[in-house]
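Scroll down for the structure; my scribbles are underneath it.
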Amino acid sequence: MIQNSLIAGTDPLDAIDEFQAIVDDIPSIVFRTPMSSDNGGPETAFISNDVERSLGYPRATINNLEDWWYSNVHPDDISIANDQFSRWQQADFKGLLRRQYRFKHKTEGYLWVEDLIRKHSSSTHHADQLVGTITIIEDLVKTREQLRQLSYILPGVLYQLRFVSRSDISFPLISAHSKKLFDISPSDLADSAEAFFNKVHPDDLEPLIESLEDASNKLTPWQFEFRVMVEQKAVWISGRAVPDKQVEDNLIWNGLFIDNTDKKSLELELKRTNDELKRAQQVGRVGHWQANLKSRELIRSAMVRELLGLEKTDSNTSIERFNSLVHPEDLEDVKSLEKLTPDNNKLQIQHRMQHADGHYIWVEEFAELQDDGYTLIGTFRDITQQKTLELELLKKSSTDSMTGIYNRGYFTEQVDKELSRAKRNGRPLSLIILDIDHFKNCNDSYGHPFGDQVIIKIASLLENTIRSHDTAARIGGEEFAALLPETNQTEAALVAEKLRTTISAHKFSKNGDDIFVAVTLGVAEVQPGDNWTKLFNRADKALYRGKQSGRNRVFLASDL
């Protein structure tokens, strides 16, 4: 009997008809069948009209649900579906049974479907029954297959995790890389995550499960680092996931596992000295993208937009729009992705991109050209914190300990890079060499500590006088150098003269005495065929000629 509260003021028989019509309009096949010991069930008690809309079978032609089900389930899927039913039955039909398998459409071949079944105790029929739905999931399966293909180029294990409770967790989808990372086949995780949790380090197991429970309760993105034991060795795993959907009590997470062992070793060392460095070593979130080099269309995942602070409604998805956010100094490297060929079809680069709030972040991209020759698929990862650490370490190894400006080793590397850039683009490049006049007399007269003060101050004056994209270095005891891109010899001479007058005008003090020092500078512009040695030798000869000519002056290599 349909209760009056459901359809108020309606005759019970009319209410039943109305309820029947509602059930028939539900966009899933609704069924009810008496309980039985076998998996398919006995004769059909009820099945909704959607069976004809979805699968092409008129309801009147289905005389026995068990026969109909067994005759149309794909032969390769029957045993799996039966096993799932048996396990549910052994668990006393607790909770919701979910199965996915192929089912034969009356005219269109096999389609992927999902059934959801509950045990129902009927007071009307005085018997336990099975009630449930059958839904076509063909589009979902196709999407999963696309994700599975994408997983082969992602740097880790792509997965879907179903979380009901700590005792009911499984991976409906996990990429084949799980075998390499965890030594577990995807098929071993489809129904239960027990094999996965058996691999987790005992000290990390409870915190890992608690973190999943907490994220599930709050429906917030999940992130956790833990160890798994593979061949008696601990492997650090970085796990990230975002909640996707809920069906009944089931929460689906889409995420990525990454082997973080190598980075973790460095991170643990840095954590001991600085908590800020601890956060900097955490693995960045990963997004993905697909670009069409013909149409110039770029499809970005939501994670890419989030990392760049872009609005979800940002509909401009062209390659040009993406490139407009790349730091100008890195644009040439990013455009090299478009030059991949079938014989050289993979590339990994690190570069800067402008966040929506104006600052730049460091990202790492791995891209692969597909067989069609014009489709690029790639990953996108924020490595700002990691890159910041690398640059700090690089600075320590590339700077002069006394002055804080670059040392000779780093300076020569930069000269080589700028020489290549200048030759490639046909642009000018100049070098200034600076040496303190009579510096030995300064040390002898006022002592080495005072001489150190002079060196430190001249380094500061040098760095503050040149432009931000120029490079200054201490290349010897009292010898300095400045590299000036996009600058010809005449322009460089003006910079050198400004340096000379600035340094000569600076007053040092020692024991109440005012002391002034002078410098001599040599200037040379890059010539065809130049390398670091040739360029340096010409500037150094100009410096030496300036010393011979009386010091405290600028001498040009072109005047030699």
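What is the diffusion coefficient of the chain in µm²/s, taking the Kirkwood radius over Cα pairs and the Stokes-Einstein relation at 20 °C with a viscosity of 1.002 mPa s?
71
Dividing the convex hull volume of the alpha carbon atoms of segment 286-389 by its residue count, what do you get in Å³ per residue?
Residue-normalised Cα hull volume stands at 93 Å³.
What is the dipole size for the chain, taken about its Cα centre, with +1 at each Lys and Arg Cβ and -1 at each Asp and Glu Cβ, in debye to the nearest 20?
2560
Normalised by the residues of the chain, what does the relative contact order come to in percent, with Cα pairs under 8 Å and at least six apart?
Working: 952 pairs, mean separation 36.2, N = 560.
Relative CO of the chain lands at 6 percent.
Only Cα pairs under 8 Å and at least 6 apart count here; give the relative contact order of segment 43-126 as a rounded whole percent. Write out the running numbers ahead of the final one.
Values: 86 pairs, mean separation 20.2, N = 84.
It rounds to 24 percent for segment 43-126.
Would you list which lysines come within 27 Å of residue 534, measuring only between C-alpha atoms, while excluding same-chain residues fewer than 8 positions from it?
Cross-link targets: 395, 417, 423, 498, 547.
What does the charge dipole of segment 305-445 about its Cα centre add up to, to the nearest 20 debye, if the Cβ of each Lys and Arg holds +1 and the Cβ of each Asp and Glu holds -1? Can you show the working numbers first?
Values: 18 positive and 26 negative charges, 57 e Å.
Rounded to the nearest 20 debye, it is 280 debye.
Using the crude model of +1 on Lys and Arg Cβ and -1 on Asp and Glu Cβ, and no other charge, please compute the dipole size for segment 399-559 relative to its Cα centre, in debye to 20.
The dipole of segment 399-559 has a size of about 300 debye.
I'd like the projected area of segment 428-560, averaged over all directions, using the convex hull of its alpha carbons. Report it in nm² with one decimal.
If you wrap the Cα atoms of segment 428-560 in a convex hull and average its projections, you get 7.7 nm².
Among 512, 212, 475, which residue has its Cα furthest toward the positive end of the charge dipole of the chain, with +1 on Lys/Arg Cβ and -1 on Asp/Glu Cβ?
Final value for the positive-end residue is 512.
Tell me, in nm to one decimal, what length is gained between residue 327 and residue 121 on full extension, where the rule is 0.36 nm per residue of separation less the Cα-Cα distance?
In short, 67.6 nm is gained.
Along Cα→Cβ, 7 Å out, is where each label goes; now give me the distance between the ones at residue 74 and residue 94 in nm to one decimal.
So the label points at residue 74 and residue 94 sit 3.1 nm apart.
Can you spot the aspartates and glutamates whose alpha carbon is less than 20 Å from residue 94's alpha carbon? Ignore those fewer than 8 places along the same chain.
Excluding near neighbours in sequence, the set is 38, 83, 114, 115, 128, 168, 191, 194, 248, 249.
For residue 73, enumerate residues with amide H under 5 Å from its amide H, sequence gap 5+ or separate chain, H modeled in the peptide plane.
So residue 73 has HN proximity to 104.
Would you calculate a helix-derived [θ] at 222 nm for the chain, using -39,500 (n - 2.57) for each DSSP H run of n ≥ 4 and dividing by the full residue count, to the nearest 500?
Computed ellipticity for the chain at 222 nm equals -11500 deg cm²/dmol.
I need the phi-derived Karplus couplings for segment 511-526: 6.51 cos²θ - 1.76 cosθ + 1.60, θ = phi - 60°, integer Hz, Gly and Pro marked x.
Per residue, the Karplus-derived 3J(HN,Hα) values read 6, x, 8, 8, 10, 10, 10, 10, 9, 10, 10, x, 10, 9, 9, 4 Hz.
Provide the percentage of antiparallel DSSP beta bridges, counting only those with both residues in segment 399-559; round to the nearest 5.
Details: 22 of 26 bridges.
Here the antiparallel bridges make up roughly 85 percent for segment 399-559.
Cα to Cα, under 16 Å, and not fewer than 8 places away if on the same chain: which lysines meet these conditions relative to residue 339?
Output for residue 339: 294.
For a quick check: with amide H placed at 1.01 Å from N, whose amide H comes under 5 Å from residue 406's, ignoring anything fewer than 5 positions away on the same chain?
So residue 406 has HN proximity to 400, 472, 474.
Readers should treat all values here as calculations from the given coordinates under stated rules, not as data from a laboratory. What you see is a predicted model, and the numbers here were worked out from it, not measured in a lab. All Cβ positions, even for glycine, are placed from backbone atoms using ideal geometry, and neighbour counts span all protein chains on display.
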